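Here's the structure we're looking at; comments come further down.
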Amino acid sequence: TGQEIEIVYKGGFVITLPSWVSASAAEGVVATELKLWLKKAVRDDVRVMAADYARRLNLKPRSIRVSDLSRGWGSCGAKGSISINWHLVFAPKRVLEYVVAHELAHLRHRDHGPRFWAYLQSIFPEQQAAKSWLERHGASLGEDFLNR
């Protein structure tokens, strides 16, 4: 319609700004809209991944949220509410999937004991590689984008 901000990703971002966005406001508008676009993208990915694991493993999370967590990559509350950190949009998909599987595994085993890790290994065999990737690179996920 010409009045909306359009964001398309095809090997890079193409962002079309409508005429109502002034040159002085463009950078802030682009940053805000790109952040919203990225959050929606990771939300969609998490929804698909979680639904697949929940169906296959007969797990019933109370809710699944993607948000800006102040610490950690995910959490599973006592009543089965799962939260995933949206900054994982900057990680490889397998790392995001690891965090989703990890938090869903807490629906079966609440702690990080040997039974939890064995269960997680059975549902996500690449867990050690993904966990190692996060330990090595997690602190800098989205650093350039988020610190603008």
Which percent, to the nearest 5, of DSSP beta bridges fully inside region 58-148 are antiparallel? 40 percent
Counting sequence-distant residues (5 or more places) and residues on other chains, those with an amide H built under 5 Å from that of Val66 are Ile84
On a 0 to 90 degree scale, rounded to 10, what angle separates helix 114-123 from the longest Cα axis of the chain? 60 degrees
Computed FRET efficiency, Cβ-Cβ of Ser22 and Arg71, R0 35 Å: what is it to the nearest 0.05? 0.40
Roughly how tilted is helix 26-57, in degrees to the nearest 10 and between 0 and 90, from the longest Cα axis of the chain? 30 degrees
Farthest toward positive dipole pole in the chain [+1 Lys/Arg, -1 Asp/Glu at C-beta], among Val46, Gln127, Pro114: Pro114
What translational diffusion coefficient, to the nearest whole µm²/s, does region 88-148 have by Stokes-Einstein, given a Kirkwood radius computed over alpha-carbon pairs, a temperature of 4 °C and 1.567 mPa s viscosity? 105 µm²/s
Charges at C-beta only: +1 for Lys and Arg, -1 for Asp and Glu. How large is the resulting dipole of the chain about its Cα centre, in Debye rounded to 20? 780 debye
Residues with amide H under 5 Å of Gly74's amide H, sequence separation 5 or more or different chain, H placed in the peptide plane at 1.01 Å from N; which? Asn85
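Tell me, rounded to the nearest percent, the portion of alpha carbon pairs in the chain spaced more than 19 Å apart. The partial results should precede the final answer.
Numbers: 6254 of 10878 pairs.
Result: 57 percent of Cα pairs exceed 19 Å.
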For the chain: relative contact order, % (alpha-carbon pairs under 8 angstrom, 6 or more apart): 16 percent
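For region 1-48, what number results from the quotient of the Cα radius of gyration and 2.2 N^0.38 Å? Provide the component values of the computation, followed by the final result.
Working: Rg = 12.1 Å, N = 48, 2.2 N^0.38 = 9.6 Å.
For region 1-48, the normalised Cα radius of gyration is 1.26.
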Cα-based Lys proximity count in the chain, under 23 Å, for pairs eight or more positions apart or on separate chains: 12
With every protein chain present, what is the per residue accessible area of the chain (1.4 Å probe, Å²)? 61 Å²
Using a probe of 1.4 angstrom, how much of the accessible area of the chain is carbon and sulfur, in percent? 53 percent
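The values are calculated or read from the model by the stated rules, or taken from the named source; none is laboratory data. Here the structure is a predicted model, which is why all the values come from computation and not from measurement. When we count neighbours, we look across all protein chains shown, and the Cβ atoms used for this are built from the backbone with ideal geometry, even at glycine. Heads up: the accessible areas ignore ligands, DNA and RNA and are worked out on the full protein's heavy atoms, side chains in. Shrake-Rupley method; radii C 1.70, N 1.55, O 1.52, S 1.80 Å.
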